[in-house]
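K.L.:
Would you mind keeping the following structure in view while I ask a few things?
The values are calculated or read from the model by the stated rules, or taken from the named source; none is laboratory data. Model, not experiment: these values are computed from the prediction. Methodologically, a virtual Cβ is constructed for each residue, glycine included, from the backbone with ideal geometry; neighbour enumeration extends over all protein chains shown.
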């Protein structure tokens, strides 16, 4: 449902930008509901712009630093945890700015948990390196189910408790009413 909503909103904005400037926006995601692992979901399918930013501003510099401290085997794992932790803190900050409610840190824990699970995935893939792999018909529902279940547990409750959804719906209604008034006014010309 969240993916559908984001795709609809993106489609509307892409249409507006294209109509006014002729530019095409990059899609925010690449069919995240087809993810076969958390690494696939976070690294190649979900929120591609933020993935790119975190990869170049957190993951790569952290990996370079951790390479010297931990060696090349452990550095990527520590860098993944650093990137997910920063993502969690960024989400907490955005939620605070939007809701003006002090963080509960559930959202940060959501991202730390996912970072830890990506690290576990790395380890499992190393151990089984090509010997055994789950079929996509099994791995996709497991991956998407995990993302949704942990989101319902840690990511969404802090926002829902603040009443931000209800406020957003009210603001959207005001925007629609304003659009109706503009339509009536423009019909006079």
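The rows are residues; the columns are (1) in a helix (DSSP H, G or I); (2) free of Cβ contacts under 8 Å to residues at least 24 places away in the same chain; (3) assigned by TED's automatic domain parsing to the domain that holds residue 114; (4) under 26 Å from residue 148 (Cβ atoms).
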residue	(1), (2), (3), (4)
6	yes, yes, no, yes
16	yes, yes, no, no
44	yes, yes, yes, yes
54	yes, no, yes, yes
58	yes, no, yes, yes
66	yes, yes, yes, no
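K.L.:
Quick one: which residue in 73, 69 is out of contact with any helix residue (DSSP H, G or I) (no Cβ under 9 Å at 6 or more places or on another chain) and closer than 27 Å to residue 127 by Cβ?
P.N.:
When all the criteria are applied, what remains is 73.
K.L.:
Additional query: Kindly indicate whether residue 54 is within 27 Å of residue 125 (Cβ to Cβ) and in contact with a helix residue (DSSP H, G or I) (Cβ under 8 Å, 6 or more places away or on another chain).
P.N.:
For residue 54, the condition - within 27 Å of residue 125 (Cβ to Cβ) and in contact with a helix residue (DSSP H, G or I) (Cβ under 8 Å, 6 or more places away or on another chain) - is met.
K.L.:
Further question: Starting from residues that are farther than 22 Å from residue 140 by Cα and in contact with a helix residue (DSSP H, G or I) (Cβ under 8 Å, 6 or more places away or on another chain), keep the ones in segment 10-49 and report whichever is surrounded by the most Cβ atoms within 10 Å (Cβ to Cβ).
P.N.:
Checking each candidate, the answer is 25.
K.L.:
Of these, 49, 73, which one is within 18 Å of the chain's Cα centre (by Cα) and farther than 19 Å from residue 110 by Cα? Can you show your working first?
P.N.:
Working: 73 fails: within 18 Å of the chain's Cα centre (by Cα).
So the residue among 49, 73 that is within 18 Å of the chain's Cα centre (by Cα) and farther than 19 Å from residue 110 by Cα is 49.
K.L.:
I need the full set of residues from segment 83-100 which are modelled with pLDDT of 95 or more and either outside any helix (DSSP H, G or I) or closer than 16 Å to residue 39 by Cβ (or both), in order please.
P.N.:
83, 84, 87
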